[in-house]
Amino acid sequence: MPTRDFSVQLLTWFDQHGRNDLPWQHKPTPYRVWVSEIMLQQTQVASVIGYFTRFMQRFPDLAALAAASSDEVLHLWTGLGYYARARNLHRAAQIIRDQYQGEFPSEIAAVQALPGIGKSTAGAILALAFNQRQSILDGNVKRVLARYFALEGWTGQASVERQLWQRAEQLTPVERVAHYTQAIMDLGATVCTPKNPACDRCPVHNKCQALLQNEVARYPFPKPRKVLPVRHCAMLMITNPAGEVLLEQRPPVGIWGGLWSFPECEPQTDWRSWLAGQMNLQVEHAHAWDRVRHTFSHFHLEIQPIHVIARDSERAVMEGGARVWYNSVQPDARGLAAPVKRLLDELRAQQLGVP
Ligand code: SF4
C-alpha cells in the first residue's frame, strides 16, 4: 500500500538522519512542544533555539507563563516578530490555568479552540507530546506533499489545501506518530528544501511524482504575486534634557499590539503643534533621520524617524502609565517592535558617541 510505504520509508530514514537534539525534544511536555511550535511558525529553527531556551529559563512551566505580565512575555519575544503569537500564547496559558486546572488539554477540539492554535499546530502538539494519531500540514509538509503527489495549484488555495489535508491524513501511520511527525518536518527542513531539494538523499524519492516527471522545480506552485501597499508614518523620537526617550504603549490589538513604541503621527502632520497640543511639549531642536522601511505580510510601512529634543519634559502629559521616559543606555525589560529597537540602538550609539 503506497501510503504505508511512505511512512515506513520515512521512519527508517528518521531513525538514522532525523533531528533528535533540538531543545524542545528533551522532555517533550505538551507545554514545551506548544511553545516551540508557536515560535517555529514563520521562524527558522536556528533562530528559535535561543529564544526558546531563554523563554524556558524564565517560564519553565505553564503556571509561570500564565502568572507573568504581558510586558515580560513580549520582552522575551522581542525580535522574533509576529507578536500576536506571544499575546495568544500568554492568553492561552491563562485559559488552561483557569479552565483546565493547568493541564494542557488532550482533545483536538479543545486545543484548537485556544487562541493562536490552528489545525496543524494542534495536530503537531498532540502528535509530538501525546503520540496521538493526528496529522500536520505546516509549510514544510505542504511542500513535501505538493511535490510527492505533484499537486497543481497554490498550496494556500482552499481547494488545494483540502487535498493536502486528505493526503496528510492518509499518510499518517497508526504507530510512532510522534516520530513520523518529526520526520516529515525534518524531511521538509533538511532534504525537500524550498530550493535545490536533495532528491538523491530522499527516502521517498522512488514514488515522488514531481521527481518521476522531472518537474521538481514546478512544485509547489508559487503564490500569485500581489503588490503590497505602502503606508507612511512619522515616528517622533523625543529625548529630554536627561537623554531619556519617550515611549508609549500601543493599544493591545493591531500591529505591534501591546509593544512600546515612539509616538506616531501622519508624516504631513505639523508635529511641533501636535506635540504642544497632545503632550504639552516644546521643541528645542529637531532633525529628520533617513527613512526606514518595515515589511509586514500585507503592507510595507515607510517610517520617517524624527529626532526631537524637547525642553521642559516635566510638564509632558504622560497619560497614566501608557507613556514612559525610557533610559536607552540602561534599558528595562519591555517589549519593543523590531524597527523601534533598531532606532533606539542607533540613538543610544549617538548618545554614547559610538561611531
Ligand atoms: S524526491 Fe525530491 S522533491 Fe520528491 S519528496 Fe523527495 S526531496 Fe522532495
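The values are calculated or read from the model by the stated rules, or taken from the named source; none is laboratory data. Here the structure is a predicted model, which means the values were calculated and not measured. Note: ideal-geometry Cβ built from the backbone for every residue, glycine included; neighbour counts use all protein chains shown. Each accessible area value is taken on the protein alone, full model and side chains, heavy atoms only, with ligands, DNA and RNA left out. Shrake-Rupley method; radii C 1.70, N 1.55, O 1.52, S 1.80 Å.
Descriptive notes on the structure:
- Helix 84-99 vs. the chain, principal-axis angle (Cα, 0 to 90°, nearest 10): 70
- Heavy-atom accessible surface of the chain: percent carbon and sulfur, 1.4 Å: 51
- Per-residue HN-Hα couplings for the stretch 277-284 [Karplus 6.51, -1.76, 1.60; θ = phi - 60°; Hz; x = Gly/Pro]: x, 7, 10, 6, 10, 9, 8, 8
- A simple count of charges around Tyr219, restricted to other residues whose Cβ falls under 11 Å of its Cβ and scoring Lys, Arg +1 and Asp, Glu -1, yields +2.
- Taking N as its residue count, the alpha carbon Rg of the stretch 1-97 over 2.2 N^0.38 Å: 1.28
- Whole-Å distance, taken between Cα centres, linking the stretch 144-179 and the stretch 216-274: 37
- Per residue accessible area of the chain, 1.4 Å probe, in Å²: 50
- Over the chain, relative contact order from alpha-carbon pairs under 8 Å, at least 6 apart, %: 17
- When the C-alpha to C-alpha distance is required to be over 23 Å, the pairs from Lys27/Lys142; Lys195/Lys341; Lys142/Lys195; Lys119/Lys142; Lys119/Lys195; Lys142/Lys341 that qualify are Lys27/Lys142; Lys195/Lys341; Lys119/Lys195; Lys142/Lys341.
- Per the Debye calculation on the stretch 1-55 with a single equal scatterer at every Cα and no solvent contribution, log₁₀ I(q)/I(0) for q = 0.15, 0.19, 0.28, 0.29 Å⁻¹ amounts to -0.56, -0.76, -1.03, -1.07.
- Here the calculated FRET efficiency for Val317 and Thr190, from their Cβ-Cβ distance with R0 = 56 Å, stands at 0.55, rounded to the nearest 0.05.
- The charge dipole of the chain, taken about the Cα centre with unit charges on the Cβ atoms of Lys, Arg (+1) and Asp, Glu (-1), comes to about 900 debye, rounded to the nearest 20.
- Selection of GluC sites (Glu not before Pro), the stretch 1-110, meeting DSSP coil and at most 13 other Cβ within 10 Å: Glu103, Glu107
- Karplus (6.51, -1.76, 1.60) ³J(HN,Hα), θ = phi - 60°, over the stretch 77-82, in Hz, Gly and Pro reported as x: 9, 3, x, 7, x, 6
- Principal-axis tilt of helix 2-17 within the chain, Cα atoms, nearest 10 degrees: 60
- Between helix 177-190 and the chain there is an angle of about 70 degrees, using the helix long axis and the longest principal axis of the Cα atoms.
- The chain - Rg over Rh from alpha carbon coordinates, Kirkwood radius: 1.05
- Placed amide H near Leu22: partners under 5 Å, 5+ positions off or other chain: none
- Taken over the stretch 230-352, the alpha-carbon convex hull comes to 107 cubic angstrom per residue.
- Fully extended contour minus Cα-Cα distance, from Val292 to Ser106, at 0.36 nm per residue: 62.5 nm
- Cut-off under 5 Å, modelled amide H: who pairs with Glu284 long-range: Ile309, Ala310, Arg311
- Sorting 61-70, 290-299 by their mean Cβ neighbour count within 10 Å, with the most densely packed peptide first, gives 61-70, 290-299.
- Amide H partners (placed H, <5 Å) of Thr193, local residues excluded: Ala198
- Using a simple spin-label model with pseudo-atoms 7 Å out from Cα toward Cβ, Trp154 and Val8 lie 3.9 nm apart.
- Charge sum, other residues only, whose C-beta stays under 13 Å from Asn131's C-beta, Lys/Arg counted +1 and Asp/Glu -1: +1
- Other residues within the sphere of radius under 14 Å centred on the Cβ of Ser70, judged by their own Cβ, net out at +4 (K and R +1, D and E -1).
- Packing-based ranking of 271-284, 236-249 yields 236-249, 271-284, ordered from highest to lowest mean Cβ neighbour count within 10 Å.
- Net length gained if the chain between Ala338 and Asp98 were fully extended (0.36 nm per residue, minus Cα distance): 83.2 nm
- Residues of the stretch 330-355 with an amide N closer than 18 Å to a point placed 7 Å from the Cα of Glu264 along the Cα-to-Cβ direction: 335-345.
- FRET efficiency, 1/(1 + (r/R0)^6) with R0 45 Å, evaluated for Arg218 and Trp274 via beta carbons: 0.25
- For the stretch 136-291, the normalised intensity computed at q = 0.12, 0.19 Å⁻¹ comes to -0.69, -1.14 (log10 of I(q)/I(0), Debye sum over alpha carbons, equal scatterers, no solvent).
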